[in-house]
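The block underneath contains the structure these notes are about, expressed in structure tokens.
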Amino acid sequence: MHHFIYPSQDTFVTDTTGFEDLNFGLDEILRVGTSVATVAVLVPTEVGVNWIQFYCPSASWYNWELPWGQNPTGSYYQTAITDTYTQRALVQFDITKISESIANGDIVDPVFKLKLYVAREFNLPIKYNVYAFPISESWVMGNGYVSDGGSTQGASWIYRDYDGGTPWATTGSSYIQSLGVTQSFDYQVGDIYMDITPIANAWLSGTVPNNGIVLISSDEFSPTGSGMALKFFSKDTNTIYEPILDVAWSDFSWSTGSIMTASVNVATIQAGLIGVVTDSASISGSIYGGFSGVGNITVDNSGSASGLISVMGENCLITSMSINGDFSGSTSSSIVTLIKKCRKCKPHVTGFNDTDFSAPFYPGAGDDESYLVNPNADFWVIDGQFPSMYPPRPNVPSFISSQLSYLQGGQCQTQYQGHDIYGWGDAYDEGNQYDWTSDHVYQDEFGPSSVALDCCGPTMVTMSYVMGTLIDGLFSGSVFTSSIFKGYILGRGWLVGSWNEDMILGTNISASYPFKPLFPMALNVVYSGSYVNGPAFGSVTQLSASSGITDYGVFSGVFTGGPLAGNPVYTPFTGSVLTSSYTYTSSINITASILNPVDVRSTFAAVVQNVPTSVTAGDIIKVNVFGRPQFPLKNFDRQTQFTQFLIPQYLPTSSYYAIKDNETEQIILDFDNYTQISCDSNGNYFMLDTTSFPQERYFKILIRVEQSGSKYTLDKGNIFKIVR
């Protein structure tokens with residue numbers, strides 16, 4: 001389908017001397033190209049010519065003003081002055097409605113083509129180009145005519161709005177060169193039919209503002225020396241040839257009903273209870289477990305914290321569950337006490353020979369760690385001076401353990417109960433505090449300075465904690481505590497909360513048949529879902545059936561196994577509760593053969609039907625195309641008319657329509673991929689959008705059929721009029 005958009009404004013601008021600040025917005029012609037002016041002047045011999053003194057105030061380029069006049073006295077000589085002037089056309093279209101249709105899905109993958117009709121052309125080279133660029137600044141159409149010498153109101157070569165107003169950032173209109181498109185001409189008429197889809201897509205996406213486009217000839221970039229002139233009809237022309245933006249998209253649809261199917265879909269529901277948990281479900285008790293992950297956390301000077309966490313459950317009821325949400329809370333600090341030590345390179349061991357440790361040794365370097373816990377061994381020392389060749393994250397021997405002693409958040413001290421505390425600082429200073437939450441001590445966490453752990457007793461370091469309440473997401477309302485390292489890494493976290501309804505919604509509930517003797521007052525069921533899993537025992541109430549298949553009920557009971565064992569559960573559900581298998585027919589599809597193809601190898605006809613003699617401008621009409629043989633075979637059926645004239649045959653998919661102005665024979669819509677004729681069970685058809693057709697004019701419909709390299713163009717004289 002094609003939809004035409006007429007310009008909302010257009011004009012042309014020129015740097016012709018004396019017209020650089022004048023507007024021609026209401027002129028019937030848009031000008032694109034260059035003009036070369038050469039005049040002969042008489043120059044006094046004794047005058048040192050300053051070429052800047054030459055000035056031409058008129059578009060004729062012959063009325064030159066010379067400081068010594070046109071006829072100098074005394075000795076003089078004759079010289080020629082040549083100058084080149086430029087004309088550019090500015091055109092803007094409002095694509096708001098098209099943008100809305102694209103957003104709604106009514107139009108898919110549209111193509112935008114700019115169409116301008118040439119009125120006159122001069123000095124055209126055999127080969128040349130016309131370029132289109134999106135204009136980067138807004139402008140005003142203005143009210144000037146060439147015949148009146150132009151106007152000071154409106155866009156000109158220098159100004160965007162009026163003479164003396166807002167200048168262009170670059171004279172002649174500012175444009176975005178990177179989004180330019182072009183149309184090449186090779187010994188052909190100068191009508192423009194240019195694909196500007198990249199520019200239109202930039203407008204639609206908001207990448208660049210829709211300030212229209214500027215048209216520039218290639219003679220500006222590669223001058224021929226003789227100039228060239230293209231004059232196009234503007235939006236103010238009194239002809240049918242004003243500029244248009246042709247928006248085209250495929251509305252092609254094809255269904256001949258020629259495939260016969262007769263199928264029955266049968267479904268079986270097994271005996272038992274099969275359902276899905278619906279609204280208002282609940283589980284008593286808490287959901288809890290450990291987690292680790294990351295967070296985007298902000299802390300103020302008072303220790304208050306807020307932000308977003310994204311963690312994964314590691315044990316208990318939240319194992320493998322993804323937990324995401326915003327939270328609010330606070331931060332604090334704790335002390336970690338290191339009980340045992342580890343070595344740097346070699347252990348200080350009694351009862352062992354140093355030759356047993358020929359390789360460089362460090363925590364995690366060897367597979368045999370049994371001697372590290374030898375009761376005769378000395379305590380090991382970490383001094384922080386690990387060589388860079390060592391792995392960045394060696395495993396700490398398993399005999400290192402820790403215990404926590406909590407301090408109030410925000411304390412700033414270097415000792416606690418007489419022991420040095422390494423890394424102690426602000427409660428949330430990631431630069432000073434280290435990750436002591438795992439069984440692995442990382443070398444780079446000791447920093448560049450020496451940290452010798454006292455072998456005579458436990459040594460302490462600090463760790464930051466964040467505590468908060470989730471305020472959204474599936475776990476909204478749950479509270480958590482977690483260590484935090486480097487400002488975003490969360491470890492050894494613990495979460496406790498209540499079961500939210502959304503966690504239970506959609507969980508499958510099932511029970512095998514036969515049911516218990518006391519059904520529905522006693523029933524074993526199994527829950528299976530993303531968050532809720534396990535067996536439960538209870539009763540079904542409020543049971544109701546619809547058409548014997550779909551049931552509604554409420555299961556109320558208690559979990560009897562799994563991680564939720566002992567927790568009461570209440571779950572309304574929909575599904576089926578059957579004491580025997582149920583088989584039913586879900587659907588029947590029958591499509592009968594209706595249409596046959598036209599044999600275009602023989603003489604055929606394509607008759608255009610139901611075209612009204614007059615169509616109101618803006619209507620979208622459906623035009624039927626009845627295909628049949630030109631000379632049907634005679635038969636002796638007892639009918640008032642041959643079936644060939646009653647039942648259509650369908651044309652090939654490579655069939656198209658075109659629209660022609662009946663008086664000028666100007667092609668309004670040409671045969672292309674966007675005028676492809678569709679088909680349904682009633683025959684071929686196409687949808688015609690008359691929104692922007694010239695009014696009070698007559699148009700003719702043409703049909704083209706392509707098959708096996710042959711083209712058949714049919715003109716059956718189908719004429720209609722567009723009225724206001």
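Where a number appears in this text, it was derived from the coordinates with a stated rule and is not lab data. If you're wondering where the values come from, they're calculated on a predicted model, not measured in any experiment. Note that we place each Cβ from the backbone using ideal geometry, even for glycine, and neighbour counts take in every protein chain shown.
Going down the table (LYS115/LYS660; LYS622/LYS721; LYS622/LYS711; LYS113/LYS700), which pairs top 18 Å between alpha carbons? Can you show the working numbers first?
On the way: LYS115/LYS660 16 Å; LYS622/LYS721 15 Å; LYS622/LYS711 24 Å; LYS113/LYS700 23 Å.
With Cα atoms farther than 18 Å apart: LYS622/LYS711; LYS113/LYS700.
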| note | Projected onto the charge dipole of segment 604-723 (unit charges on the beta-carbon of Lys, Arg, Asp and Glu, signs +1, +1, -1, -1), the Cα from GLN666, ILE677, GLN630 with the largest positive-side position is that of GLN630
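Segment 604-723: D in µm²/s via Stokes-Einstein (Kirkwood Rh, Cα pairs, 25 °C, 0.890 mPa s)?
In µm²/s, the coefficient rounds to 160.
Taking the Cβ of THR166 as the centre, find all other residues whose Cβ is under 14 Å away and add up their charges (Lys, Arg: +1; Asp, Glu: -1). Don't skip to the answer; put the middle values down first.
Numbers: positive: ARG160; negative: ASP21, GLU137, ASP161, ASP163.
Net of charged neighbours comes to -3.
If neighbour count is taken as other Cβ atoms inside 10 Å, put MET194, MET521 in order from fewest to most. Intermediate results must be reported in sequence, preceding the final value.
Values: MET194 20, MET521 11.
Ranking MET194, MET521 by Cβ neighbours within 10 Å, fewest first, gives MET521, MET194.
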| When Lys and Arg each count +1 and Asp and Glu each count -1, what net charge do the other residues less than 14 Å away from VAL311, Cβ to Cβ, add up to? | -1
| query | Dividing the alpha-carbon Rg of segment 178-247 by 2.2 N^0.38 Å yields what? | reply | 1.30
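As a footprinting exposure proxy, order THR507, THR469, THR541 by other Cβ within 10 Å, with the fewest listed first.
On the way: THR507 20, THR469 15, THR541 12.
If I rank by nearby Cβ atoms, fewest first, I get THR541, THR469, THR507.
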| message | Tell me the net charge near PHE291. Cut-off is 14 Å between Cβ atoms, PHE291 excluded, with +1 for each Lys or Arg and -1 for each Asp or Glu. | response | 0
| query | With point charges of +1 on the Cβ of Lys and Arg and -1 on the Cβ of Asp and Glu, referenced to the Cα centre of segment 604-723, which listed residue (TYR698, TYR712, VAL615) lies farthest in the positive direction of the dipole? | reply | TYR712
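May I ask you to derive the relative contact order of segment 604-723, considering only C-alpha pairs under 8 Å and at least 6 residues apart, and to give it as an integer percent? Please report the intermediate quantities before stating the final value.
Details: 241 pairs, mean separation 38.7, N = 120.
Worked out over segment 604-723, it gives 32 percent.
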| said: Only counting other Cβ atoms within 10 Å, I'd like VAL140, VAL496 sorted with the fewest neighbours first. | reply: VAL496, VAL140
